[in-house]
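Here is the structure we will look at, set down as structure tokens.
FYI, it's all coordinate maths here, none of it is from the lab. This one's a predicted model, so the numbers in the text were calculated from it and none came from an experiment. Heads up, the Cβs are rebuilt from the backbone with ideal geometry, glycines too, and the neighbour counts pull from every protein chain shown.
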Amino acid sequence: MEIHQIFKNNRQWAANKLKRDPECFKKLSEGQHPAILYIGCCDSRVSAEELMGVAPGEVFVHRNIANMVPNTDLNVMSVINYAVRHLQVQHVVVCGHYYCGGVKAAMQQTDMGLLNPWLRNIRDVYRLHQDELNAIASEENRYKRLVELNVQEQCINVIKTAVIQKAYKERNVRVHGWVFDVRTGMLHDLQIDFDRILQHIMQIYRIS
Ligand code: CO
């Protein structure tokens with residue numbers, strides 16, 4: 001992929017959009033009202049908007065390595081606050097994906113330098129679910145399960161924030177855990193039972 005090709009693609013894309021709706025960019029310039037906050041992985045194969053089939057303006061997107069929600073990360077915390085408090089999104093999605101390099105790296109005993117503290121958050125997920133994971137004989141299935149459990153734990157990290165607890169009470173904001181399968185192109189809802197999780201953890205984490 002050459003950089004100049006990107007600009008050719010962009011001109012073509014904008015022209016096609018205008019052909020369908022001559023006002024589309026003017027409308028976008030007037031503001032955004034996305035209903036969904038999507039927190040996903042940076043992985044180049046997991047293109048958020050494309051896999052969801054959504055148009056510009058429909059989804060507020062945050063991506064980092066392995067779709068993490070560490071409570072000390074000012075970046076993701078700012079995104080959640082802005083999306084929920086100001087944009088008033090109704091849904092917060094954490095979307096992981098099978099074959100995630102970040103999750104794979106966390107399963108290996110290698111020094112990843114600057115990435116160590118970031119990956120340690122995934123190792124913590126492994127430790128929390130060590131018994132379940134160690135009982136899975138196949139390494140590939142264990143890797144897949146860790147991807148799912150990591151999504152679940154990052155959803156719980158979303159729920160630990162005051163802004164979500166407040167929005168949950170006031171306007172029933174929903175949190176969803178999804179996984180995208182790079183091998184099939186399918187998006188799966190993990191159907192995490194948040195009402196049950198909330199009941200279980202709120203005696204510890206309630207702050208709003
Ligand atoms: Co990934």
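Measure off 7 Å from each Cα along the Cα-to-Cβ vector at Asn116 and Tyr205, then give the distance between these two points in nanometres to one decimal.
Each label point is offset 7 Å from its Cα along the Cβ direction, giving 2.7 nm.
Any idea which of Asn67, Gly40, Phe25 is furthest toward the positive side of the dipole for the stretch 1-155, if Lys and Arg beta-carbons carry +1 and Asp and Glu beta-carbons -1?
Phe25
Between Lys17 and Asn81, what is the label-point separation in nm under the 7 Å Cα-to-beta-carbon projection?
Result: 3.0 nm between the two label points.
State the extension gain, in nm to one decimal, for the chain segment bounded by Asp195 and Arg171, taking 0.36 nm per residue of separation less the distance between their alpha-carbons.
7.2 nm
Could you state the angle between the C-alpha long axis of helix 162-171 and the longest principal axis of the C-alpha atoms of the chain, as a value from 0 to 90 degrees rounded to the nearest 10?
70
What is the order of His97, His62, His200, fewest Cβ neighbours within 10 Å to most?
His200, His62, His97
Placing +1 at every Lys and Arg Cβ and -1 at every Asp and Glu Cβ, with all other atoms neutral, what dipole size does the stretch 121-208 have around its Cα centre, in debye to the nearest 20?
Dipole of the stretch 121-208, to the nearest 20 debye: 400 debye.
Under 5 Å between amide hydrogens, which residues at least 5 positions from Phe180 or on another chain qualify, with H placed 1.01 Å from N in the peptide plane?
Here the answer is Gly96, His97, Tyr98, His188, since their amide H atoms fall under 5 Å of that of Phe180.
With a 10 Å Cβ neighbour count serving as the proxy for reagent exposure, in which order, fewest first, do Met186, Met107 appear?
Going from sparsest to densest Cβ surroundings: Met186, Met107.
On C-alpha positions alone, give me the angle between the axis of helix 116-128 and the longest principal axis of the chain, in degrees, nearest 10.
Approximately 50 degrees, to the nearest ten.
How far, in nm, would the chain grow between Asn10 and Ile136 when pulled straight, counting 0.36 nm per residue and subtracting the alpha carbon separation? Before the final figure, lay out each step's value.
Numbers: separation 126, 0.36 × 126 = 45.36 nm, distance 4.59 nm.
Here the answer is 40.8 nm.
Roughly how tilted is helix 194-205, in degrees to the nearest 10 and between 0 and 90, from the longest Cα axis of the chain?
Tilt of helix 194-205: around 60 degrees.
Could I have the simple spin-label model distance between Lys104 and Val54, label points 7 Å from Cα toward Cβ, reported in nm to one decimal?
The modelled label-to-label distance comes out at 2.7 nm.
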